[in-house]
Amino acid sequence: MSTFYERWLGGRQGALGLLVLSLLIFAILPLFLDIFRLNLVGKYLTYAFAAVSLVLLWGHGGILSLGQGVFFGLGGYCMAMFLKLEASDPISTAKQTTPGIPDFMDWNQVTQLPLFWVPFHSLTFAIIAIFVVPAIFAYIIGAAMFKRRVGGVYFAIITQAVAAILTILIVGQQGFTGGINGITDLKTMHGWDINTNSAKYILYYVNGLLLIGVILLSKFVMTSKFGRLLLAMRDKEDRVRFSGYDVANYKIFIFALAAVISAIGGAMFTLQVGFMSPSFVGIVPSIEMVILAAVGGRMSLIGAVYGALLVNYGKTAFSESFPQLWLFLMGGLFIAVVMFFPNGLAGLYQTYVKPHVDGFLDKVGIGGKKKAAVAKVTAPAVAEKEEAAK
């Protein structure tokens, strides 16, 4: 029980933070928001997966990736391909020149379903691909870079270039990917209409559960020996290397894990929003994901979720009121956070709120200082008893 409490929940503060976040996601927001706004929050929470992945990768690993949108998009496209094939059955597409293939392929005079699309008739294959495809892609990039000790700003620029290349590739191969419009008109999943209000509620809760599960897994990774090595590599990489550890392999693993976490968010985005396009793959969304982690606090998993909610809400409000200026406002927000609140929302909580919360918890006797004081008083007595028994 103590292992679960400390390693999976992150101790008293971690458990409390997770409880508050769970209440917000599963009780408070559904109670006060209509289905349209709740679905919008669900969309924001899909970005939180990418923010959480950056806490692991950037905050704890010291590896700044400006290409997380790549993996977010790969997960989204894997899910979208399955949904699109289900929506493109021969009966629904009977008016096309070639029935049974997605409409954008027919418009581009593609007469046969490409081979790499065929396995996505299976939902099982699509779910496996959401995990495997981003992991393999991240492994290839990571092995090429980290084995040659490419890091820091050079790695960040390379990941940004990869995001740009993939966007250009998706747009250019319009007949196979849907091009700039992406994959749209997604209706059902195994016959279940994903556009109804009841389906949106279910997908919102599934999204929340997956996010909580990812946070728990990430906490376990951070409190493990691997997590301690990550911190050591971030601060003194050469010392870790000289101690006999293969730094490159550790970096490749955390990069691949962060890619899979982002891909899960992309898949849930496709289900909740109903489409996927290259506009969620490129440089701009990747930089926005870094902003989410920075605003929430790049060392805090739960802070990353609040950062995703706050920044995306601000983005929606800014773009509605100032459609020409919202990118500048987002950039200004990032600069302000880096200059004045380098630890983000989590840093503000640690400085101004946590002392009061600790005082209250100690007062009511929930863990913390009271337990430490009891242990300090009882330890000598226990030692005396053990000595007498000997």
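Output the direction-averaged projected area (hull surface divided by four) of the convex hull of the alpha-carbon atoms of region 157-204, in nm². Walk me through the numbers before you get to the answer.
On the way: hull surface 20.6 nm².
Hull-based average projected area comes out at 5.2 nm².
For Phe322, Phe131, what's the fewest-to-most ordering of other Cβ within 10 Å of each Cβ?
On the way: Phe322 12, Phe131 16.
Listed from fewest to most nearby Cβ atoms, that is Phe322, Phe131.
Taking the Cα centre of each part, how many Å lie between region 281-335 and region 129-155?
Each part's Cα centre sits 25 Å from the other's.
Return P(r) of region 140-230 (all Cα-Cα pairs; 5 Å bins starting at 0; whole %; ordered from short to long distances).
Reading upward from the zero bin: 3, 10, 9, 9, 12, 18, 17, 11, 8, 2, 0.
So what are the chain's ellipsoid semi-axes, whole angstrom, largest first, if each one is the square root of 5 times an eigenvalue of the alpha-carbon gyration tensor?
Numbers: eigenvalues 342, 121, 89 Å².
The answer is 41, 25, 21 Å, longest axis first.
In nm, what is the difference between 0.36 nm times the number of residues separating Lys236 and Val118 and their Cα-Cα distance? Don't skip to the answer; put the middle values down first.
On the way: separation 118, 0.36 × 118 = 42.48 nm, distance 4.72 nm.
Working it through step by step, the gained length comes to 37.8 nm.
Among 191-202, 265-276, 81-92, what's the highest-first ranking by average C-beta atoms within 10 angstrom per residue? It would help to have the intermediate numbers written out before the result.
On the way: 191-202: 12.7, 265-276: 25.1, 81-92: 18.6.
The packing order, highest mean first, is 265-276, 81-92, 191-202.
Could you give the size of the charge dipole of the chain about its Cα centre, using +1 on the Cβ of each K and R and -1 on the Cβ of each D and E, expressed in debye and rounded to the nearest 20? Display every interim value, and only then the final one.
Numbers: 29 positive and 19 negative charges, 268 e Å.
Computed about the Cα centre, the dipole is about 1280 debye.
Starting from the 7 Å offset along Cα-to-Cβ, what nm value, one decimal, do you get for the label separation of Tyr205 and Phe341?
3.3
Relative to the longest principal Cα axis of the chain, at what angle does helix 354-364 sit, 0 to 90 degrees, rounded to 10?
Once rounded, the angle reads 60 degrees.
Provide the packing ranking of 160-171, 25-36, i.e. peptides ordered by the mean count of other C-beta atoms within 10 Å per residue, highest first.
Values: 160-171: 17.8, 25-36: 13.3.
Order by mean packing, descending: 160-171, 25-36.
What is the packing order of peptides 93-102, 226-235, 65-74, taking the mean over residues of other C-beta atoms within 10 Å and listing the highest first? Could you put the intermediate results ahead of the total?
Numbers: 93-102: 15.2, 226-235: 16.7, 65-74: 30.1.
Going by the mean number of other Cβ atoms within 10 Å, highest first, we get 65-74, 226-235, 93-102.
Taking just the C-alpha trace of region 53-100, give me its Rg and Dmax in Å.
Rg, Dmax (Cα atoms, Å): 18.4, 54.
Note down the nm distance, to one decimal, between modelled labels 7 Å out along Cα→Cβ at Phe226 and at Ile28.
In this crude spin-label approximation the distance works out to 3.3 nm.
Please give the helix 247-273 orientation as an angle from the longest Cα principal axis of the chain, in degrees from 0 to 90, rounded to the nearest 10.
Orientation of helix 247-273: about 60 degrees from the principal axis.
Read-outs: derived from the displayed coordinates by stated rules, not from any lab. Since we're looking at a predicted model, the values are computed, not measured. All Cβ positions, glycine included, derive from the backbone under ideal geometry; neighbour counts span all protein chains shown.
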